[in-house]
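All remarks here apply to the structure that follows.
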């Protein structure tokens, strides 16, 4: 399985990547929305792990762009934003789950 982790904090991205790779997954990491869009258009992913607080685009806006593709992998939101409104909006926009 090939996964994409979209996370701007290098330490968190590395921690998640190493954990997933040790479980046998192939993992790409995007540090911002622009890199994520490029990777999503250039490869097929089985799952995307998405942080919402990115430096160049709000993660929920990025989720909309990912969901507008012809084929769209499942998206798991992993974020420090714990407001109920953010959770509801993320799920309404098509995230499979939202972890705080």
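The values are calculated or read from the model by the stated rules, or taken from the named source; none is laboratory data. The model shown is predicted, which means the values in this text are computed figures rather than measured ones. Cβ: placed from backbone, ideal geometry, glycine included. Neighbour counts: every protein chain shown.
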Report the residue count in region 58-80 for those that are farther than 15 Å from residue 3 by Cα and either in contact with a strand residue (DSSP E or B) (Cβ under 6 Å, 6 or more places away or on another chain) or buried (at least 17 other Cβ atoms within 10 Å of the Cβ) (or both). 5
Can you tell me which residues in region 26-46 are farther than 18 Å from residue 70 by Cβ and either under 13 Å from the mean Cα position of the chain (by Cα) or surrounded by 15 or more Cβ atoms within 10 Å (Cβ to Cβ) (or both)? 27, 28, 29, 30, 31, 32, 33, 34, 35
Considering only residues that are surrounded by 15 or more Cβ atoms within 10 Å (Cβ to Cβ) and touching a strand residue (DSSP E or B) at 6+ places or on another chain (Cβ under 6 Å), look in region 81-100 and name the one that is farthest from residue 44 (Cα to Cα). 87
Residues to consider are 46, 51, 14, 8; find the one that is modelled with pLDDT of 95 or more and in contact with a helix residue (DSSP H, G or I) (Cβ under 8 Å, 6 or more places away or on another chain). 51
Considering only strands (runs of 3 or more DSSP E) fully contained in region 1-56, which possess at least 3 residues that are in contact (Cβ under 8 Å) with a residue 40 or more places away in the chain and within 22 Å of residue 91 (Cα to Cα)? 2-6, 47-50
Within region 57-70, take every residue that is part of a loop (DSSP other than H, G, I, E, B) and farther than 13 Å from residue 94 by Cβ and give me the one that is nearest to the chain's Cα centre (by Cα). 57
